[in-house]
1. Residues in the stretch 48-88, backbone N under 16 Å from the label point at Ser100 (7 Å along the Cα-to-beta-carbon vector): list them, ranges by number please.
2. Going Cα to Cα from Lys47, which lysines come in below 29 Å? Please leave out same-chain ones fewer than 8 positions away.
3. In the stretch 110-135, which residues have a backbone nitrogen under 18 Å from the label point lying 7 Å from Phe62's Cα in the Cα-to-Cβ direction?
Amino acid sequence: MKISIIRTRWEENPGSRKNARFLFWHFFILIIIVILQYYNIIMGITKSQIFSTRQNELAQIFKVLAHPARIAILEYISEQKSCICKDIVTEVGLAQPTISQHLKELKSIGLIQGEIEGKKVCYCLDPVKWKSIQKGLNHFFDQTSINCC
């Protein structure tokens, strides 16, 4: 409920037990929400800190690559000398803002780089980062043993 509703209800009849209970439960719920939000923020931070940098980096790479549209974008970019966002929209078939968001995610891990040419941005794969990610993923799959029942 909004604070103004609580304030209005209290001003109408400040001494009533019903209003006192109403205020108590609303403030109690508010305090619980704040505690849960604080706990969630703290837990979100500490959970990633218990893992190694390599594990966190691999998880971020897998997270970014987990969307089929991003795989399609990477495949399309890899086949082109360079491309423009509108070309990707035509090829993949998603809206331009959606493509831009996917490109932003791919850029966040450094897989692609973009050069601004006037009003257009030409995207290409970053070969150094591509090889680095490939090496990291190969190491992960080579070092992970398959122990099946």
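1. Only 84-88 pass the distance filter.
2. Correct list for Lys47: Lys63, Lys104, Lys107, Lys129, Lys131, Lys135.
3. 133-135
Read-outs throughout are calculated quantities, based only on the coordinates presented, and are distinct from any laboratory measurement. All values derive from a computational prediction rather than experimental measurement. As a convention, Cβ positions derive from the backbone with ideal geometry for all residues, glycine included, and neighbour counts pool all protein chains shown.
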